[in-house]
1. Taking Cα centroids, how far is segment 48-86 from segment 333-398 in Å?
2. Based only on the alpha carbon positions, what is the Kirkwood hydrodynamic radius of segment 90-130, in angstrom?
3. Dividing the convex hull volume of the alpha carbon atoms of segment 69-148 by its residue count, what do you get in Å³ per residue?
4. Quick one: helix 312-326 against the long Cα principal axis of the chain, what's the angle to the nearest 10°, folded into 0 to 90?
5. In nm, to one decimal, how far is the modelled label at residue 248 from the one at residue 266, with both set 7 Å along Cα→Cβ?
6. Note down the relative contact order for segment 192-305 as a percent, whole number, built from C-alpha pairs under 8 angstrom at least six residues apart.
7. When N is the residue count of segment 1-62, what does its C-alpha Rg come to as a fraction of 2.2 N^0.38 Å?
8. Quick one: angle between helix 15-27 and the longest Cα principal axis of the chain, in degrees between 0 and 90, rounded to 10, please.
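Values in this text are rule-based calculations from the coordinates and carry no lab data. These figures come from a predicted structure and were not determined experimentally. Here Cβ is always computed from backbone atoms with ideal geometry, including for glycine, and neighbour counts include all displayed protein chains.
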Ligand SMILES: [Zn+2]
Ligand SMILES: [Zn+2]
């Protein structure tokens, strides 16, 4: 397609603009629910391009809409905006100017790519088909406050409506992938997750007379072993699952049995039916343990993120487009990741495609996301822009 080629040719010319935007965002990171300044920069940029802009959505969300001249489909691009509570350890002229806050998850990259794509496509609006919606979403790092913030807040506020969005795409930077490489999964991309609350109530007693009480610390130890045993041997090993506990607390003195122990953890799964099987199985297991030990055990699962699934048909088309735009040799098919992402809330409503953009300098060991040393290679920005603009311009064709 002639138009697509022209758009991509012009992407290279935006390399400096992309870096400037990224450095601007990187220097002034804002935590989840506080992205006020960031939202201002985004909204002004989109307004200057002549887009219809809505602000203050689900706290600090911004949405820009660009109309092509020809009839077509409505496609959305989502970029997240929040930073993390970390003290940056990367030394650069554009390092974080805000003590204790850092863009360590690459959302500065995501926003810059979204804005540059809006700029690039708005230059071709007289020849483009369909409608483009650029969604800048706050508070991705969550957990979301019910339907008030993050992706569920944006969806509840109607960003996928008027007009109805036919397809939505997004990318995330990947520090374990070279610049210029794209990683994707066919359907399930990332795990669904539930927060787990386990409370064991026993009976306090003197440390010298445990037979007069019920020791919830001992019961908790048994619970932990039984839970991992259940996951390892009662669930079909071909279905990946993880349950880890990150917090345990109970008791207040070395020679008194505690009366209660609380544990909190995270459960991740790649299949809804397996999630149900694990939740029910573990509840049964814990009720048996409570009976056997004379304790009371409560086990609760609080949904945090749904499974992130790419739409099969859209995914196949998107991979085809990315192959045309970037070259098929740059695409890598990958198994799903056990992390979670709130983009899954959009994907639960409309056909979605989510993929990863390599940001590692070839030959250099990349630092992980959420690390104070995370230092993505800006050469990746143009690749991200080409991918975004290529997908949007192609998918909006009727
Ligand atoms: Zn993150
Ligand atoms: Zn992130």
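1. 17
2. That comes to 12.7 Å for segment 90-130.
3. Details: hull volume 8.9 nm³, N = 80.
Residue-normalised Cα hull volume stands at 111 Å³.
4. Around 50 degrees separate the two axes.
5. Computed distance between label sites residue 248 and residue 266 equals 1.9 nm.
6. Numbers: 209 pairs, mean separation 51.0, N = 114.
Dividing the mean separation by the residue count of segment 192-305 yields 45 percent.
7. On the way: Rg = 14.6 Å, N = 62, 2.2 N^0.38 = 10.6 Å.
Its radius of gyration relative to the 2.2 N^0.38 Å reference: 1.38.
8. 40
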